[in-house]
Amino acid sequence: MNIQLNGEVCQTEAKTLDLLLVQFEYGDAVVATAVNGEFVAEQQRGAVEICDGDAVEILAPMQGG
Amino acid sequence: MMRKFYGTELSNGLMLGTAQYPSPAILADAFERSGAAVATVSLRRESGKDKAGQDFWEMIQRLGVRVLPNTAGCHTVKEAVTTAHMAREIFGTKWIKLEVIGEEDLLHPDVFGLVEAARILSEDGFEVFPYCTEDLVVADRLLNVGCEVLMPWGAPIGSGQGLNNLFGLRALRAHFSDVPLVIDAGLGLPSHAAQAMELGFDAVLLNTAVAKAGSPALMAEAFGLAVKAGQMAALADPMEKRDMAAPSTPVIGKAFLT
């Protein structure tokens with residue numbers, strides 16, 4: 001299936017959000033996630049199914065003012 | 001007396017941004033020399049291969065300052081609320097500098113969206129630092145929905161103009177005498193920061209004025225000193241202004257030499 005990952009079209013067979021993070025090599029990086037504009041807490045990633053057309057955002061700390 | 005920020009007493013009134021520095025080393029130097037008590041941080045998309053945000057976060061943790069995540073770049077209530085939740089999980093703090101931008105040229109806060117987002121986040125346990133204007137009614141609404149700190153702008157973000165509306169800011173300070181107030185954005189010089197503190201504001205938050213200076217670390221130190229000087233001046237109870245001159249040297253005993 002195709003999803004949008006941080007704004008780019010990607011192919012994945014990951015069934016859940018935690019598996020998607022593994023596929024795209026996030027490892028133990030400190031990140032926060034949202035699917036279709038809704039925040040998904042770290043402990044809930046395994047319960048959130050990924051569906052065709054989903055928009056997934058994976059964010060990390062960055063400089064800010 | 002320095003007012004507390006959601007029960008937290010800061011060592012000083014300087015909050016410093018972490019963006020736009022020439023290098024991470026210069027950023028760290030600026031923080032060390034300024035003595036800033038708070039660092040503002042943000043969130044951006046992370047690539048699984050680069051993991052660019054991880055090194056930055058480790059460096060910020062080494063600074064040993066309190067972090068204040070922002071929702072910079074958010075234009076809707078939903079964006080801001082979702083970003084705040086993501087920030088709380090990553091940075092491990094209930095503090096959030098809430099920005100809901102309503103207009104691009106001045107990056108003017110969308111005060112209606114701001115109040116709504118502040119309400120949602122306050123109900124969800126966040127400690128909200130709303131980036132607002134000096135509007136008294138908006139300030140009152142923000143306090144009513146749970147904010148215990150206000151962050152009025154000095155001038156538009158990145159403009160370096162200083163305190164554009166002195167009357168409005170003085171009125172805000174006078175009207176909400178018990179509320180911690182932070183001047184956020186628009187400062188360009190240490191004298192602007194000193195002026196804000198002299199007016200009785202509790203802190204200033206700035207980024208570009210330091211990061212874009214020819215020598216960021218030197219400018220950071222200058223801001224640190226200015227904040228301290230301004231705070232001391234406010235505590236010292238400044239004299240009243242007057243329109244006419246008043247001789248400071250005693251007239252009594254002056255020689256008659258004409």
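The values are calculated or read from the model by the stated rules, or taken from the named source; none is laboratory data. Computed from a predicted model, the values in this text were never measured in an experiment. Neighbour counts run over all protein chains shown; Cβ positions are idealised from the backbone, glycine included. Keep in mind that these areas ignore ligands, DNA and RNA; they rest on the heavy atoms of the full protein, side chains included. Shrake-Rupley method; radii C 1.70, N 1.55, O 1.52, S 1.80 Å.
Shielding of peptide B:76-88 by partners, expressed as the average count of other chain Cβ atoms within 10 Å per residue Cβ, is 4.
Whole-Hz Karplus values for segment A:35-48 come out as 10, 6, x, 10, 4, 10, 5, 3, 6, 9, 4, x, 9, 9 Hz, taken residue by residue from phi with 6.51 cos²θ - 1.76 cosθ + 1.60 and θ = phi - 60°; glycine and proline positions read x.
Taking all protein chains as present, what is the carbon and sulfur share of the accessible area of chain A, in % to the nearest whole number, probe 1.4 Å? Exposed carbon and sulfur together represent 48 percent of the surface.
Bridgeable aspartates and glutamates around B:LYS94 (alpha carbons under 14 Å apart, same-chain partners fewer than 8 residues away excluded): B:GLU123, B:ASP124, B:GLU127, B:GLU148.
Taking label positions 7 Å along the Cα-Cβ direction at both B:LEU136 and B:ALA25, the computed distance is 5.2 nm, reported to one decimal. Rounded to the nearest 10 square angstrom, A:CYS51 shows an accessible area of 60 square angstrom against a 1.4 Å probe. For chain B, the longest principal axis of the C-alpha atoms and the axis of helix B:52-63 are separated by about 40°. Each Lys and Arg Cβ is given +1 and each Asp and Glu Cβ -1; about its Cα centre, segment B:62-218 then shows a dipole of about 500 debye. Shape call for segment B:1-82 from the C-alpha gyration tensor, a ≥ b ≥ c root eigenvalues: rounded (a/c under 1.5), prolate (a/b greater than b/c) or oblate? Taking the square roots of the gyration eigenvalues as a ≥ b ≥ c, segment B:1-82 is oblate.
All other residues whose Cβ lies under 11 angstrom from that of B:GLU99 are scored, Lys and Arg at +1 and Asp and Glu at -1, for a net of -2.
Averaged over its residues, segment B:61-125 has an accessible area of 43 Å² per residue, based on protein heavy atoms and a 1.4 Å probe.
Against the longest principal axis of chain B, how steep is helix B:24-34, in degrees 0 to 90 to the nearest 10, with axes from Cα atoms? Computed tilt is about 40 degrees. Between B:PHE167 and B:MET239, the modelled labels are 2.6 nm apart [label points 7 Å from Cα along Cα→Cβ]. Relative to the Cα centre, the charge distribution of segment B:186-243, modelled as +1 at Lys and Arg Cβ and -1 at Asp and Glu Cβ, gives a dipole magnitude of about 200 debye. Karplus-derived 3J(HN,Hα) values for segment A:8-14, using 6.51 cos²θ - 1.76 cosθ + 1.60 with θ = phi - 60°, are 10, 6, 9, 9, 8, 10, 4 Hz; glycine and proline are entered as x. Restricting the count to DSSP beta bridges whose residues both fall in the protein assembly as shown, what percent are antiparallel, rounded to a multiple of 5? Counting only bridges with both partners in the protein assembly as shown, antiparallel ones make up about 45 percent. When DSSP beta bridges are restricted to pairs lying wholly in chain B, around 10% turn out antiparallel. Taking Cβ atoms as reference points and 15 Å as the exclusive limit, the residues near A:ALA14 contribute a net charge of -4, counting Lys and Arg as +1 and Asp and Glu as -1.
Note on the protein assembly as shown: with charges restricted to the Cβ of Lys and Arg (+1) and Asp and Glu (-1), its dipole about the Cα centre is near 1340 debye.
Projecting the Cα atoms of A:ILE58, B:THR8, A:LEU19 onto the charge dipole of the protein assembly as shown, computed from C-beta unit charges around the Cα centre, puts B:THR8 farthest toward the positive end. Mean partner shielding of peptide B:47-57, defined as the number of other chain Cβ atoms within 10 Å of each residue Cβ, is 6.
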